[in-house]
């Protein structure tokens, strides 16, 4: 036994020597890119294939570079990254939703993009989602904002009374399709450019799904002309917010309008053809197309004013791991720049109908009508603030929405509550 | 069979990739220095204090001595992991004080804690149970399990373990074999087989030590039970791999003739072993005669039986031989044995007197049974002597040599004291003719 211990110690000692040699080896010529990059993502199916194809192109250009891509489940991404970082492991480059950036940056897990990197080719709106204080903590890869999806093949709600769908029910509890209006009834489908016309469609039997979580319903506030924050950072909610809440309350009178804060349920209802209209993110296009086929239509969000409504803008951002070595970070940055260049962004748009963050990519409405709609929405969308204040507002606003829709609070009272808690006077009191 | 994915190669490259990071190198170096230092200090301490400690432990007697010795050994085994823990913790704290990542060191601390617990369990087992029982479990089951656990834990920090385990390795008969399936089919199956074998062997040894009467049946059931569990494990592995049972049937069907012929003798021995065990015609401790050699049955296994001669030589006999040939057993239905001591006395002595003397000696000799009573018979009139045979019974074959020695000694001494001659072989010589006259003239 002692002999084995001594042998093991000798092996460990040799390993220590090897480790020292690796650490002390001289730097190689940096003019030619060489080395290995580890890239983590949560893209599946065709998206993953497309990403691998792009990284392969990068390897073809730089033959001494090896890119290892690894899929990490979206639900497990944050936990996996934090665990890996605590050990100084983890990928060099990661594709992650921009809303996670502030958390990562606060924990020191990611490094800011060096200031000398030119970002002029990326859309300002997109860059705003990766900006924290004075630095950008990621390069936006694709844009994501809410749009109005329309399934022309969805079954319609009949004129007779149908069972009210409880807010916490599952898709299996929904109306039996046999109770629905037979398909030979002619429905005149009008445009849905306004919230009123959307309600008209609902009155004709087209079921409309609306997510009442604050983040997912920012578009509604914007539709009535309000912003969320002023340029100074103060809360900007006002009459538009009240009007939106009133509209939501009025829409509950229609049996075809289904309000819920259960985002998964709404997605499932629409994916299974039980609703005609659904307001969801552009990133859901691939999934919805797989479920509903190519008849699926995409339209701009309905508005209540002359301005186009738009929700929060999120991006899928490329972030750099602060645990990587200097050389690994350099390589990762080069790959990030490659992924956001015009040609690769065009590829993502063509293959996956993703909205490019590179504003130099021209989108032809005739060739990519869907992406054109997405782009128009993204251009109007509000970059989601990565602040602690916003996190608190979202939590509080979700609660207030529920109270308004249950009739506990009036829309005016709801606004008053939020202004009390997050208005300029409240924030002034909290400042040290 | 073909390799379907580069996942394994990518995992290896990923490990090398992480080793290029200064933050990782620093932590690994700190860990290695801590472990090597702990080992060095342990060696020095044990070299200086080991012998005095052992001397101190041996001063105690009985139970105190037993525990003192065990305590000393426990300290020796635990010193290295405990010192290692202290050293790694010190390194981790130092890294933290520099505001540097120390997660890898913290992970190593967790592994070292488990290593300490593992050492404690193993040492305790060695303290409580005989070494030969524990060694099997220690080296072939506990050690591999600990190594696998530590490796899995470290691997999980590098790649997502579930994803890694779900990676396809190769295809077999059209089925994708994942890493998890492969490990279960190899390592898992090995641990299963070894654990079942170890439990069976230890249990068998305990039973053989405590209960010689029912040991055959118990051993038979343990053997059958273990083979059932082996087969169950095989079926489970088969299912896990996802192989179609018809594939196995196809293979075995095709090879059955050849396999049947090749394994005929093995199967024959296996079935003979079962019969011997259930029949209880042979059991450990029985004395049998094999190839003219007397030996004691040591172990009854399912394929062969191990016997030990009185010269301490082990012979392994296939069970089929024992079942199909004549086997002389001295301890079959009864362990009682008869010894015959043949003695010749001179024609000048009274055989009846000698017979009575022999019987009295037999009754006085230790280990000679009173029932059946010793008997002494005048067997015949030999060329040189009157042949007597003293027949005594002893309780077990193990005392045969002792009784024979005691009787022979007492017979020789008593006969010498009583003037009874044990003659050498004798011949009467009749000389005729001139030689007869010559001898007569000389002896006149």
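The values are calculated or read from the model by the stated rules, or taken from the named source; none is laboratory data. Remember, predicted model here, so these are calculated numbers, not experimental data. Positions of Cβ are generated from backbone atoms using ideal geometry, with glycine treated the same way; all protein chains shown enter the neighbour counts.
Take the conditions within 13 Å of another protein chain (Cβ to nearest Cβ), touching a helix residue (DSSP H, G or I) at 6+ places or on another chain (Cβ under 8 Å) and closer than 24 Å to residue B:197 by Cβ and apply them to residue B:145. Does it pass?
no
Just to be sure, is residue A:33 surrounded by fewer than 19 Cβ atoms within 10 Å (Cβ to Cβ), at pLDDT below 90 and more than 9 Å from every other protein chain (Cβ to nearest Cβ)?
On the way: surrounded by fewer than 19 Cβ atoms within 10 Å (Cβ to Cβ): yes; at pLDDT below 90: yes; more than 9 Å from every other protein chain (Cβ to nearest Cβ): yes.
Yes; evaluated as a whole, the condition is true for this residue.
In the set B:103, B:65, which member is surrounded by 19 or more Cβ atoms within 10 Å (Cβ to Cβ) and either at the interface with another protein chain (Cβ under 9 Å from one of its Cβ atoms) or closer than 23 Å to residue B:122 by Cα (or both)? Don't jump to the end; show me each part of the working.
On the way: B:65 fails: surrounded by 19 or more Cβ atoms within 10 Å (Cβ to Cβ).
The match here is B:103.
Here are the criteria: (1) under 25 Å from residue B:142 (Cβ atoms); (2) at pLDDT below 90; (3) within 14 Å of chain A (Cβ to nearest Cβ). Tell me which single one residue B:36 does not satisfy.
Condition (2) is where residue B:36 drops out.
Just to be sure before I move on: is residue A:91 touching a strand residue (DSSP E or B) at 6+ places or on another chain (Cβ under 8 Å) and at the interface with another protein chain (Cβ under 10 Å from one of its Cβ atoms) in the structure I sent?
Criteria met by residue A:91.
Identify, from the list B:106, B:99, the residue that is modelled with pLDDT of 85 or more and at positive phi.
B:99
Rundown of residues vs (1) farther than 21 Å from residue B:396 by Cα; (2) at pLDDT below 80; (3) surrounded by fewer than 17 Cβ atoms within 10 Å (Cβ to Cβ), yes/no style:
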site	(1), (2), (3)
B:264	yes, yes, yes
B:275	yes, yes, yes
B:286	no, yes, no
B:332	no, yes, yes
B:366	no, no, yes
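Hey, does segment A:309-320 have a residue that's more than 18 Å from the chain's Cα centre (by Cα) and either surrounded by fewer than 22 Cβ atoms within 10 Å (Cβ to Cβ) or not in a strand (DSSP E or B) (or both)?
Among the residues of segment A:309-320, not one is more than 18 Å from the chain's Cα centre (by Cα) and either surrounded by fewer than 22 Cβ atoms within 10 Å (Cβ to Cβ) or not in a strand (DSSP E or B) (or both), which makes the answer no.
Please work out which one of (1) more than 9 Å from every other protein chain (Cβ to nearest Cβ); (2) assigned to a helix (DSSP H, G or I); (3) more than 36 Å from the chain's Cα centre (by Cα) is the condition residue B:25 fails and give its number.
Unmet condition: (1).
Looking at (1) in a helix (DSSP H, G or I); (2) away from every other protein chain (no Cβ under 14 Å), can you tell me which one residue B:157 breaks?
(2)
Within segment B:219-262, work out how many residues are in contact with a helix residue (DSSP H, G or I) (Cβ under 6 Å, 6 or more places away or on another chain), at pLDDT 75 or above and over 28 Å from residue B:179 (Cβ atoms).
Of the residues in that region, 2 qualify.
Is it the case that residue B:70 is in a helix (DSSP H, G or I) and either closer than 30 Å to residue A:35 by Cβ or within 13 Å of chain A (Cβ to nearest Cβ) (or both)?
Criteria not met by residue B:70.
Select, from A:227, A:231, A:200, the only residue that is within 28 Å of residue A:389 (Cα to Cα), surrounded by fewer than 20 Cβ atoms within 10 Å (Cβ to Cβ) and without any contact (Cβ under 8 Å) to a residue 40 or more places away in the chain.
Working: A:227 fails: without any contact (Cβ under 8 Å) to a residue 40 or more places away in the chain; A:200 fails: within 28 Å of residue A:389 (Cα to Cα).
None of the other options fit; the residue is A:231.
Taking only segment A:321-372 into account, find how many residues are outside any helix (DSSP H, G or I) and within 14 Å of chain B (Cβ to nearest Cβ).
Here the count works out to 5.
What residue, of B:42, B:14, is in a helix (DSSP H, G or I), over 18 Å from residue B:105 (Cα atoms) and more than 8 Å from chain A (Cβ to nearest Cβ)?
Details: B:14 fails: more than 8 Å from chain A (Cβ to nearest Cβ).
When all the criteria are applied, what remains is B:42.
Being closer than 30 Å to residue A:92 by Cα, in contact (Cβ under 8 Å) with a residue 24 or more places away in the chain and within 14 Å of another protein chain (Cβ to nearest Cβ), is that true of even one residue in segment B:76-91?
For segment B:76-91, residues closer than 30 Å to residue A:92 by Cα, in contact (Cβ under 8 Å) with a residue 24 or more places away in the chain and within 14 Å of another protein chain (Cβ to nearest Cβ): present.
Checking the condition in a loop (DSSP other than H, G, I, E, B) and closer than 30 Å to residue B:269 by Cβ, which residue from B:383, B:312 passes?
Being in a loop (DSSP other than H, G, I, E, B) and closer than 30 Å to residue B:269 by Cβ holds for just one of B:383, B:312, which is B:312.
Scan segment A:386-394 and give yes if some residue there is more than 20 Å from the chain's Cα centre (by Cα) and farther than 15 Å from residue A:143 by Cα, otherwise no.
No: segment A:386-394 contains no residue that is more than 20 Å from the chain's Cα centre (by Cα) and farther than 15 Å from residue A:143 by Cα.
Yes or no, residue by residue, for (1) in a loop (DSSP other than H, G, I, E, B); (2) surrounded by fewer than 22 Cβ atoms within 10 Å (Cβ to Cβ); (3) touching a strand residue (DSSP E or B) at 6+ places or on another chain (Cβ under 6 Å):
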{"position": "A:220", "(1), (2), (3)": "no, no, no"}
{"position": "A:241", "(1), (2), (3)": "no, no, no"}
{"position": "A:246", "(1), (2), (3)": "no, yes, no"}
{"position": "A:267", "(1), (2), (3)": "no, yes, no"}
{"position": "A:278", "(1), (2), (3)": "no, no, yes"}
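Report yes if some residue within segment A:99-113 is facing chain B (nearest Cβ under 10 Å), touching a strand residue (DSSP E or B) at 6+ places or on another chain (Cβ under 6 Å), part of a loop (DSSP other than H, G, I, E, B) and surrounded by 21 or more Cβ atoms within 10 Å (Cβ to Cβ); otherwise report no.
No, segment A:99-113 contains no residue that is facing chain B (nearest Cβ under 10 Å), touching a strand residue (DSSP E or B) at 6+ places or on another chain (Cβ under 6 Å), part of a loop (DSSP other than H, G, I, E, B) and surrounded by 21 or more Cβ atoms within 10 Å (Cβ to Cβ).
Please indicate, with yes or no, whether at least one residue in segment B:181-189 is in contact with a helix residue (DSSP H, G or I) (Cβ under 8 Å, 6 or more places away or on another chain), assigned to a helix (DSSP H, G or I) and exposed (fewer than 14 other Cβ atoms within 10 Å of the Cβ). Write out each step before concluding.
First, pick out the residues of segment B:181-189 that are in contact with a helix residue (DSSP H, G or I) (Cβ under 8 Å, 6 or more places away or on another chain): B:181, B:183-185, B:187-189.
Within this subset, residues satisfying the condition of being assigned to a helix (DSSP H, G or I) are B:181, B:183-185, B:187-189.
Then keep just the ones that are exposed (fewer than 14 other Cβ atoms within 10 Å of the Cβ); that gives B:187.
There is at least one residue in segment B:181-189 that is in contact with a helix residue (DSSP H, G or I) (Cβ under 8 Å, 6 or more places away or on another chain), assigned to a helix (DSSP H, G or I) and exposed (fewer than 14 other Cβ atoms within 10 Å of the Cβ).
Take segment B:11-24 and flag every residue that is under 24 Å from residue B:161 (Cβ atoms) and either modelled with pLDDT under 80 or surrounded by fewer than 20 Cβ atoms within 10 Å (Cβ to Cβ) (or both).
B:11, B:12, B:13, B:14, B:15, B:16, B:19, B:20
So if I check each of A:96, A:69, which one is within 12 Å of chain B (Cβ to nearest Cβ) and either surrounded by 20 or more Cβ atoms within 10 Å (Cβ to Cβ) or in contact with a helix residue (DSSP H, G or I) (Cβ under 7 Å, 6 or more places away or on another chain) (or both)?
Numbers: A:96 fails: within 12 Å of chain B (Cβ to nearest Cβ).
Only one candidate passes the filter, namely A:69.
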